1. Being open to solvent by less than 30 Å² (accessible area, probe 1.4 Å), more than 14 Å from chain A (Cβ to nearest Cβ) and out of contact with any helix residue (DSSP H, G or I) (no Cβ under 8 Å at 6 or more places or on another chain) narrows it down to one residue among B:Lys40, B:Lys18, B:Lys26; which is it?
2. Would you point out the residue of the range A:182-195, among those that are assigned to a helix (DSSP H, G or I) and open to solvent by 30 Å² or more (accessible area, probe 1.4 Å), that is farthest from A:Lys158 (Cα to Cα)?
3. Of the conditions (1) modelled with pLDDT under 90; (2) open to solvent by 30 Å² or more (accessible area, probe 1.4 Å); (3) in contact with an Asp or Glu (Cβ under 7 Å, 6 or more places away or on another chain), B:Arg45 satisfies every one except a single condition; which number is it?
4. Here is a list of conditions, (1) of a type outside the set (Phe, Trp, Tyr); (2) over 26 Å from B:Ile60 (Cα atoms); (3) not in a loop (DSSP other than H, G, I, E, B), and B:Val190 meets all of them except one; can you say which number that is?
5. Inspect all residues belonging to the range B:50-64 and state whether any of them is open to solvent by 20 Å² or more (accessible area, probe 1.4 Å), β-branched (Val, Ile, Thr) and farther than 16 Å from A:Glu120 by Cβ.
6. Between residues in the range B:177-206 that are free of Cβ contacts under 8 Å to residues at least 12 places away in the same chain and closer than 16 Å to B:Ala157 by Cβ and residues that are open to solvent by 10 Å² or more (accessible area, probe 1.4 Å) and among the β-branched types (Val, Ile, Thr), which pairs lie under 9 Å by C-beta distance while being six or more apart or on different chains?
7. Against the definition (open to solvent by less than 70 Å² (accessible area, probe 1.4 Å) and in contact with a strand residue (DSSP E or B) (Cβ under 6 Å, 6 or more places away or on another chain)), how does A:Ala179 come out, yes or no?
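The values are calculated or read from the model by the stated rules, or taken from the named source; none is laboratory data. Remember, it's a predicted structure, so these values are computed and weren't measured experimentally. Every residue, glycine as well, gets a Cβ built from its backbone with ideal geometry; the counts of neighbours run over all protein chains shown. The area values use the complete protein model at the heavy-atom level, side chains included, leaving out ligands, DNA and RNA. Shrake-Rupley method; radii C 1.70, N 1.55, O 1.52, S 1.80 Å.
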Amino acid sequence: MAKFASDAVEFLPILMHGVALTIIVTLGSLVLSTLLGLVWALMRVSGIAPLSWASAAIINLIRGIPIIVLLFYLYFVMPDLGVTMTALQAAIVGLGIAYSAYQAENFRAGIEAIDKGQIEAAQAIGMGWGLTMRRVILPQAVRIVLPPYGNVMIMMLKDSSQASTITVAELALQGKLIASSTFKNTSVFTLVALMYLTMSIPLILLVRHFEKRAGRK
Amino acid sequence: MIELRDVHKRFGSHEVLKGITASVTKGEVVCIIGPSGSGKSTILRCINGLESYDSGDITIEGVRVDRTAPSIVAVRTQVSMVFQRFNLFPHRTALENVIEGPVFVKKEKRSLAVERGRALLAQVGLADKADAHPPQLSGGQQQRVAIARALAMQPKAILFDEPTSALDPELVGEVLSVMRKLAEAGMTMVVVTHEMGFAREVADRVLFIDGGVIVEQGPAKAVLNQPQHPRTQDFLRRVLHPM
């Protein structure tokens, strides 16, 4: 235990660099996945058939490809097509695209859960589609969508570790590098696990808060 | 003001409206009565384009109602609707519900809309509930807010789709009395209702609809007190003497 404590003191500063990148990757891909997910969801519920089909196709395409393959594609294949990104950029874009499919399905479910009478009431006072969405549907859907959204945040935090496969030195990769150079596997990976857990706990509490709020009418 | 000419509407293989021809003049109160599933609500929903119709014409002051045309927005700002289940926006207060249309659709100045909104809430007896959210209000209060929301659009006519059918019996009166005042003030109203007392006292004309056609129509007292058609007689007997 004393040995673990001294290892922790020694490795924590290096691992904290990883934490910073983990947070950047998570936040960046969270923003991107939310924006893309909202676009896919609105296309899906637009009532315009080609948009709806395109959205369904995009979502299924994304869902059917493993995140790691998507990351390899962006980082190793795209340069051949003339699009070069840094590892960090590729990680954010890859995770953002991958998770946009789940965000979209969550948003769509939230939008479709709103009573049809709300849409009719909005139409009856002359609102068009955009205004109905912005003023009536989305503000109500947010409550429904937030608890699962919080869960997606937790999953994204953990899946940001996949960025290690394309050389982003976030927490998991930092841990692996330290472990392979010091052979202190137990100390290092225990630390890494505890640090992910520490970052997850506020998010878990946030989800619980969202759930309570959604339960209240 | 509102003209329907040979309007047909089908849902799949079921034809709900089989040629409805009717008109509502300015300032008139017309009640539509008839059994469930007879197409009463569908007529209202076609008039403001919530539902499309398959053939015939519906015009409002000469403008044809077409829910796919851009003109539908203008139609809807001129003809308001009050729903059976109120359909208030639950995330906004009573006052916000009322000013939503004026501010965001008609681009009215907010301070002006608020002032008018408060006056309208007072008019329906809810001046003290301006900041309440719909779930905190009774059904009767919600429906009165919904009427204020419809009035806020300064419509030329209001369509009421069974406005008291979802209410507890003791709350029906407060909504009907607001509607009666509107009628007395000269508002053009089309009301789908099962409240025969209201129809008899307030309506200028009554249309009896059954099976997607107008079976009988005429001055309210004539249709309700001396119905000519056997189906009207049968319907009224069952509504007025359910036991």
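1. Working: B:Lys18 fails: open to solvent by less than 30 Å² (accessible area, probe 1.4 Å); B:Lys26 fails: open to solvent by less than 30 Å² (accessible area, probe 1.4 Å).
Within the list B:Lys40, B:Lys18, B:Lys26, the selection yields B:Lys40.
2. First pass over the range A:182-195, keeping only residues assigned to a helix (DSSP H, G or I): A:182, A:185-195.
When the remaining residues are screened for being open to solvent by 30 Å² or more (accessible area, probe 1.4 Å), the result is A:182, A:185-186, A:189-190, A:193-194.
Details: A:Thr182: 24, A:Asn185: 20, A:Thr186: 20, A:Phe189: 14, A:Thr190: 15, A:Ala193: 10, A:Leu194: 12 Å.
My answer is A:Thr182.
3. Against the list (1) modelled with pLDDT under 90; (2) open to solvent by 30 Å² or more (accessible area, probe 1.4 Å); (3) in contact with an Asp or Glu (Cβ under 7 Å, 6 or more places away or on another chain), B:Arg45 comes up short only on (1).
4. Among (1) of a type outside the set (Phe, Trp, Tyr); (2) over 26 Å from B:Ile60 (Cα atoms); (3) not in a loop (DSSP other than H, G, I, E, B), the lone unmet condition for B:Val190 is (2).
5. Yes: the range B:50-64 contains one or more residues that are open to solvent by 20 Å² or more (accessible area, probe 1.4 Å), β-branched (Val, Ile, Thr) and farther than 16 Å from A:Glu120 by Cβ.
6. From residues that are free of Cβ contacts under 8 Å to residues at least 12 places away in the same chain and closer than 16 Å to B:Ala157 by Cβ, the pairs are B:Glu184/B:Val202.
7. On the way: open to solvent by less than 70 Å² (accessible area, probe 1.4 Å): yes; in contact with a strand residue (DSSP E or B) (Cβ under 6 Å, 6 or more places away or on another chain): no.
It is false that A:Ala179 is open to solvent by less than 70 Å² (accessible area, probe 1.4 Å) and in contact with a strand residue (DSSP E or B) (Cβ under 6 Å, 6 or more places away or on another chain).
Listed here are the residues, each with its yes/no results for (1) within 22 Å of B:Thr164 (Cβ to Cβ); (2) out of contact with any strand residue (DSSP E or B) (no Cβ under 7 Å at 6 or more places or on another chain).
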| site | (1), (2) |
| --- | --- |
| B:Met1 | no, no |
| B:Ser13 | no, yes |
| B:Lys18 | no, no |
| B:Val24 | yes, no |
| B:Ile33 | yes, no |
| B:Gly39 | yes, no |
| B:Thr42 | yes, no |
